[in-house]
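The values are calculated or read from the model by the stated rules, or taken from the named source; none is laboratory data. This structure is a prediction, so every number in the text was calculated from the model and none was measured. Here the Cβ positions follow ideal geometry from the backbone for every residue, glycine too, while neighbour counts run over all protein chains shown. With ligands, DNA and RNA removed, areas are computed over all heavy atoms of the protein, side chains included. Shrake-Rupley method; radii C 1.70, N 1.55, O 1.52, S 1.80 Å.
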Amino acid sequence: MGESIVRDNEYVREVAQKQYAYGFTTEVETDIIDKGLNEDVVRLISQKKGEPEWLLEFRLKAYRHWLTMTEPAWAHLRMPKIDYQSISYYADPTARKKGDEKKEIDPELMKTFDKLGIPLEERLALSGMAVDAVMDSVSVKTTFREKLSEKGIIFCSISEAVREYPDLVRRYLGSVVNYRDNYFAALNSAVFSDGSFVYIPKGVRCPMELSTYFRINARETGQFERTLIVADDDAYVSYLEGCTAPMRDENQLHAAIVEIVVMDRAEVKYSTVQNWYPGDSEGKGGVLNLVTKRGLLKGENSRLSWTQVETGSAITWKYPSCVLMGDGSQAEFYSVAVTNNFQQADTGTKMIHLGKNTKSTIISKGISAGRSENSYRGLVKVGKQADNARNYTSCDSLLLGSTCGAHTFPYMDVQNPTAVVEHEATTSKISEDQLFYCRQRGIPTEDAVGLIVNGYAKDVINKLPMEFAVEAQKLLGVSLEGTVG
Amino acid sequence: MNALREKAYVDFQRQGFPTRKVEEYRYTDMEEVFAPDYGVNLQRVQFPVNPHDIFKCSVPNLSTSLYFMVNDLFHNSVMPKTQLPEGVVVGSLCQQALEHPELLQPYYGRLAKTEADSVTALNTMLAQDGLFIYIPKNVVVDKTIQVVNILRSDVDLMANRRVLIVLEQGAQAKVLFCDHAMDERSFLATQVCEVFVGENAHLELYDLEATHLQSRRVTNTYVRQQSYSTLNMCTITMHNGLTRNTLEVDLAGQYAETHVNGCVVADKQQHVDNNTLIRHSVPNCQSNELYKYVLDDSSVGAFAGKVLVVADAQKTVSNEVNANLCASPDARMYTQPMLEIYADDVKCSHGSTVGQLNEQALFYMRQRGISEAEARLLLKFAFVGEVIDSIKLETLRDRLHYLMEKRFRGELSHCEGCKVHN
Amino acid sequence: MLEIRNLHASINGKEILKGINLTVNDGEVHALMGQNGAGKSTLSNIIVGHPAYEVTTGEILFNGKDVLAMSPEERAHEGIFLSFQQPVEIPGVSMVNFMRAAVNAKRKYQGQEPMTAGDFLKLMREKRKLVELDSKLANRGVNEGFSGGEKKRNEIFQMAMLEPTFSILDETDSGLDVDALRIVAEGFNLLRTEKTSALVITHYQRLLDYLKPDIVHVLIDGRIVKTGTPELALEIENRGFDWIREEAGL
C-alpha cells in the first residue's frame, strides 16, 4: 500500500497545479454601471434596456419587497456576508461601439466563446444546437433564430423578447416564480439583466436543442439572468444550460431565475451542466450560485424533467422545482452534485402535487470530497385534491475522504390518502472491494475512482443529451481529481 | 434541582416558546400548546387518591414492581412490596436528592441543556418532583420497573415531571412507563427524562401513552450510552390529544448499540409529533430506528428523525425507517428522515414511505374469502406488528398485539381493564 | 358447474379476451393451454374478480349464480379458488391468523360457528402433511421469504384448507422442480372428488401427465380456438402452437 500512497501523493501535487480550465478573462471594453443598489440603479438598468413602463414597475415592486426581506438561513451552508452595495448590477461587454446598433460582435467576444467551445458562427456550431450566448448582463448573440422562427419558435434573449413579444412576456413573467418567493428571487426580479426566452407554439416539436451559455467576465459584478420557457399545447423542447466564470479571488454573485410553463401534453427537458468557478483549493473566491428554478406543469398530461450536473460554484443554493397542477402531469428531477475542496452545495427539488394522477421521480446523487459540504434538500408535497399522486425519491451520497460532509434533508407532506410517496437514501463510501477489483485488473486507483463515480452517477448522466453527457463525464473526473489519498 | 432553576429561567426567557418557524418544532406549535391557562399545583396539595384502588394494569402475567406518579408527584405511600436488589433506588427525585445527593449530582441536568431547548428550560424551572431510578454497578434487576403516570385533577392542570435514570457499568433493567389521564379535564404534562446507560449496561425502556383527547404531552428524553451498552426503546402512542416526543440519543462509547422504535395509532383530532436525533459521537456504534404511523380521521402525524455522524465516527452503521399509512382524506402526515454525515467509512440509510395497504395482498386475502374490511384490519395489525415485535418483554408484546387489534377494531377506548378510566 | 358465455374483457382499455365460451361440469378437469399473452391469466383473474380487469360483455355463471355480480370474497365462499401464478408476500400476517380468518369467514357465510382454536390447529397440521409443508413455514408471514416451490405448495395447502369446489391452477407448475411438481400434483389429486372441478392453466405437458385432464382447450389471442381430448396437449408438446394458429386461419 505504501507505494500507492506515494503515487497518490504525486498525483495530488500534479492536480493541485492544474487550473480551472475556464478561468481566463476577456479583455473587452465593458460598460459597467457604478456599484451599489437603490431605486435609481433599478431605473437605470430598465432605462439602459429601453424597457416599457410595466416592466420598470415590476422591478420596483420587487426591489421594495426585497428591502423588507432577509437572507434565508435555513440551508446547510456557511454563507459569506454579501455586501449588496459593493457589486455592480449591470455590465455590458457589447457596448464598444455606442449607437452602432451592436450589429458587429467584438471579435474578442467571439474568441472567448470559441475558447469555451461555443462557436457563435452558425457554420461552426455543434450540429443540432442553437445557442444564446450571454456574457455578464447582456446577450451577445443567439444563433439559428431565423431557422427556428420558420416553425414559429421564438428563441431570443429576454431583452429582445420584451421589445418584440411584450404580450407573451408580460403574461408569463413572474407567473411561476413570484418576486415575493424568496430573497434572491426578489433581488433578481428587481435587477435581472439578460437571459433567454423560449416559446414553442402549439403542436411544434423543436427540431434542435436550445441552449444558453452563461459567462461571467467583468470583475465585481453580479449576474442576474432570467430565463422564461413556455411550451404550448403538445409542444416539445429540450433546453440546455452551461456556465463558466474566470478565476477571481473574491466571490462572484449569481442569482438567477428560470421559469417554465408547460401546457397540455407538452414536454420540456431542462438540462444544466453547472461549472461556475468553484474557488481555489484554499476556498478563496468562487461563484455564489443562488438560483430559483421552477416549472409549472399547467396542462393535463404535461411533462417536465430537470437534469443537473453541479460541479462548480463555491456555494450552490438551488432547488429546481415542479408544480404538478395539470391532471396526469409527470415531473422528474435528476441530479449529480459534486463538491470538492471548500465547496458547499445545498441542492435538491420540490415536487408539489396538486393535480390528480400526477407522478414525480427524484434521483439525486451527491459526491463529496476534500473539505466540502454536500446536502440534498427536497420537499414532496401532496395536496388534498391530488388523488393517486405518486412519488419515488432516491438520494444517495458518496463520501470520498473523512473531512467532508454528506447530508440528506427530505421533507414529505402528504394530505391525501390515495398517495404513495417513497423515499430511500443511503450514504456510503466507495467499496474497497470494487477498488481492489479494479486495481487487480491493473486500473490505477485514481482511474478506478473515476470509473466507479461515473458508474454511480450514470443514472443521471444518461438523462443528458449526448454532447452534454460526454462533457459531464469528463467534468466529474476533473472535479474529483486528487481526492483519493 | 434548585441550582439549575435560575439559569433555566434566563434560558427560557431568552428563547420563549418555539413557534413553527423553529426547524425542530415545525410540525407542532409550542406557543399554542402552552397557550391555555393551566393550573400548576405549586402548593403541593395531595390529591386524595390511592392509585392501587383505581389502577389495575391489564397486562396479564406482567409481574412488575409498580410505582405511581400522580401528576408530578411521586407516590411514596403505595410503594410495592417487592424487594429490589441491594443498592437499587426507585423513588421520588426530590426525596432522593436530599437523601442521596451524591447519586444524583453527577447526572442531574447534564444531558438536558436548558440553553438548547425552551421546553427543557421550562421544565427545569418548574419541575418539583419526579422519578429517580438508580441501578448500581453490575446489578441486574429482573423484574420490570413499571411507572404509571396518572393525570388527575378537578381543574385544568399542567404537570411538570422530571425523570432521571442511571444504569451504572454492567447494570441491567427494564422500565415501562404508562401514561394515563383520569379525569375529563385538559391536561398538559411536560416531562424531561435523562437516561445514562453505563459501560456494558443494558436498558429496555418502554413508553405507552393511553390518555385522552384533552391531554397534551410534551416529553424530552435525553440518553447517553457508553461503550458496549445497549438500549432497546419503544414509544407507543395509542390514545392522546397532542403529543410531542423529543428523543436524543448520544452514542458516546464505542460499540454501543441502540434500537429506537415507535408506533402511533391516531384518529379523530389526535396530533403526534416524534422528533428524534441519534448522534454517533464515536466510531463502531450501531443504531436502528423504526417508526410507524397509522392515521385516520383528521389526525396529524409528524416524524422528523436525524442521524448525525460526527467526523471520525467511522464504521458507523445506521438504519432508519419511517412508514406511514394514511387512511382518511383528512389525515395528514409529515415525514422528514435526515442524515447528517461527516465520516466516510459508514453505512447509513434511511427510508420513508407514505402510502396505503398493499392492493395485491388485499386481493389475495379476498380471494381466500376474507372480507375486505377484515383483510384491511389484518394488514394494519401486521403493519404496526413489526414495531411491537421489537419489544423484548414477551408479556407486554403479546398484550400490545391484542390491544392494537382492539384499537383498530374500535373496541378499545383505553387500556382495557385499566380502572383508571372507569 | 361453471359456465362462461361470450366473455369479453379488457385491462387499461386494451381488449384481451374476445369472446370466451367455456363450460366445466362437475368432476371435470379442464386444461387451458396457450402462449404468453394469450389471455390465460386474464381469464383466471376475471373468474375470481380481480379489480384491475374490466368485463365489457358476457357472463359467468357458477352453479347457476351470476359470478360477475359477486365480490371476490363471495366467489371464494361459493367455492372458487385460484392458485396464483405469483402468490404475493404479506409480511407480518402469520399463516395461522390468515388461514383462520379465511376458514371462519367461509363458515360464517355458510351459517356455521367459527372453529375453536384447537380444532383449527389440528386441521392445519393435518392438511399441511398433504403437501409436505414445513411447520416452520406456517409460523411465518404469508408467503414471506418462501421459495418459489414453497409458495406453490402453500397455495395447494390453502386449497386443502378451504375445500373449494372449483379450483384454478394458474401455471402452478412454473418454477417447480420435478419433486416439487409431483408433491403439488399429488396433493391436488388427493383433494379431487366427483363434485370438484378444476381449470389447469399451463404451457407444458408435464403437469398434465399427473393431473390427467378430461378436456384440453387452446387459447389464442383471447379466443378458445381449439378444444380436444388429452391427446391435443401431447400434440402441442410435440408440434407447438403454430399449426393450430394456421388451422384457425389466424
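Worth pointing out:
- Apart from one condition, A:Val382 fits all of (1) in contact (Cβ under 8 Å) with a residue 60 or more places away in the chain; (2) buried (at least 19 other Cβ atoms within 10 Å of the Cβ); the exception is (1).
- Given (1) assigned to a loop (DSSP other than H, G, I, E, B); (2) within 20 Å of C:Phe188 (Cα to Cα), index of the condition C:His50 fails: (2)
- Selection within segment A:33-56 - closer than 20 Å to A:Leu253 by Cα and assigned to a loop (DSSP other than H, G, I, E, B): A:Ile33, A:Asp34, A:Lys35, A:Gly36, A:Leu37, A:Asn38
- With respect to being more than 22 Å from C:Met161 (Cα to Cα), modelled with pLDDT under 90 and facing chain B (nearest Cβ under 8 Å), C:Pro91 falls outside the description.
- Given (1) assigned to a strand (DSSP E or B); (2) at pLDDT below 90; (3) open to solvent by 10 Å² or more (accessible area, probe 1.4 Å), number of the condition A:Thr403 does not satisfy: (1)
- From the list C:Lys127, C:Lys136, the lone residue that is more than 25 Å from B:Val387 (Cα to Cα), over 16 Å from the mean Cα position of the chain (by Cα) and assigned to a helix (DSSP H, G or I) is C:Lys127.
- Note on segment A:415-443: residues that are within 14 Å of chain B (Cβ to nearest Cβ), more than 30 Å from A:His353 (Cβ to Cβ) and open to solvent by 60 Å² or more (accessible area, probe 1.4 Å) total 2.
- Matching entry among C:Glu113, C:Glu126 (being under 25 Å from C:Leu211 (Cβ atoms), without any contact (Cβ under 8 Å) to a residue 40 or more places away in the chain and surrounded by fewer than 17 Cβ atoms within 10 Å (Cβ to Cβ)): C:Glu126
- Positions within segment B:222-239 being surrounded by fewer than 24 Cβ atoms within 10 Å (Cβ to Cβ) and of a type outside the set (A, V, I, L, M, F, W, C), in sequence order: B:Tyr222, B:Arg224, B:Gln226, B:Ser227, B:Tyr228, B:Thr230, B:Asn232
- Residue count, segment B:132-153 (criterion: in contact with a Phe, Trp or Tyr (Cβ under 6 Å, 6 or more places away or on another chain) and not β-branched (Val, Ile, Thr)): 2
- Selection from segment B:295-327 of residues that are farther than 14 Å from B:His280 by Cβ and among the hydrophobic types (A, V, I, L, M, F, W, C): B:Leu295, B:Val300, B:Ala302, B:Phe303, B:Ala304, B:Val321, B:Ala323, B:Leu325, B:Cys326, B:Ala327
- Scanning segment C:5-37 for residues that are out of contact with any Phe, Trp or Tyr (no Cβ under 7 Å at 6 or more places or on another chain), surrounded by fewer than 22 Cβ atoms within 10 Å (Cβ to Cβ) and in a loop (DSSP other than H, G, I, E, B) turns up C:Asn12, C:Gly13, C:Asn25, C:Asp26, C:Gly27, C:Glu28, C:Asn36, C:Gly37.
- Segment C:99-110 residues that are facing chain B (nearest Cβ under 7 Å) and more than 18 Å from B:Tyr364 (Cα to Cα), paired with ones that are in a helix (DSSP H, G or I) and at pLDDT 90 or above (beta carbon under 9 Å, 6 or more apart): none
- Those strands (runs of 3 or more DSSP E) of segment C:153-250 in which at least 1 residues are touching a Gly at 6+ places or on another chain (Cβ under 9 Å) and open to solvent by 50 Å² or more (accessible area, probe 1.4 Å), considering only elements entirely within it, cover C:223-228.
- Residue check for C:Val142: within 13 Å of chain B (Cβ to nearest Cβ) and among the β-branched types (Val, Ile, Thr): yes
- All positions within segment B:184-197 that are open to solvent by 10 Å² or more (accessible area, probe 1.4 Å) and touching a residue at least 40 places away in the same chain (Cβ under 8 Å): B:Ser186, B:Gln191, B:Phe196
- Of the residues making up segment B:262-287, those that are of a type in the set (S, T, N, Q) and open to solvent by less than 10 Å² (accessible area, probe 1.4 Å) are B:Gln270, B:Asn274, B:Thr276, B:Ser287.
- Candidate set: segment A:134-174, residues that are in a strand (DSSP E or B) and of a type in the set (Val, Ile, Thr); chosen: the one surrounded by the fewest Cβ atoms within 10 Å (Cβ to Cβ): A:Ile154
- The single residue among A:Lys474, A:Lys458, A:Lys429 that is basic (Lys, Arg) and under 23 Å from A:Tyr20 (Cα atoms) turns out to be A:Lys474.
- Some residue of segment A:467-474 being touching a Pro at 6+ places or on another chain (Cβ under 7 Å), more than 9 Å from chain B (Cβ to nearest Cβ) and not in a loop (DSSP other than H, G, I, E, B): no
- Checked against (1) among the aliphatic types (A, V, I, L, M); (2) away from every other protein chain (no Cβ under 14 Å); (3) part of a helix (DSSP H, G or I); (4) touching a residue at least 40 places away in the same chain (Cβ under 8 Å), C:Leu68 passes all but a single condition, namely (4).
- Extreme residue, farthest from B:Val265 (Cα to Cα), among residues of segment B:290-312 that are open to solvent by less than 10 Å² (accessible area, probe 1.4 Å) and touching a residue at least 60 places away in the same chain (Cβ under 8 Å): B:Ala304
- Here the condition is being within 27 Å of B:Ile341 (Cα to Cα), touching an Asp or Glu at 6+ places or on another chain (Cβ under 9 Å) and without any contact (Cβ under 8 Å) to a residue 24 or more places away in the chain; of A:Ser394, A:Ser402, it holds for A:Ser402 alone.
- Condition met for A:Pro410 (without any contact (Cβ under 8 Å) to a residue 24 or more places away in the chain, at the interface with chain B (Cβ under 9 Å from one of its Cβ atoms) and not aromatic (Phe, Trp, Tyr)): no
- Residue check, B:Leu103 of a type outside the set (Lys, Arg) and crowded, with 20+ Cβ neighbours inside 10 Å: no
- Within segment B:138-174, the set of residues being touching a His at 6+ places or on another chain (Cβ under 6 Å) and either part of a loop (DSSP other than H, G, I, E, B) or surrounded by fewer than 21 Cβ atoms within 10 Å (Cβ to Cβ) (or both) comprises just one member, B:Gln172.
- Condition met for C:Leu43 (more than 12 Å from chain B (Cβ to nearest Cβ) and either closer than 23 Å to C:Leu191 by Cβ or surrounded by fewer than 17 Cβ atoms within 10 Å (Cβ to Cβ) (or both)): yes
- Selection status of B:Ile133, in a strand (DSSP E or B) and either at positive phi or in contact with a His (Cβ under 9 Å, 6 or more places away or on another chain) (or both): no
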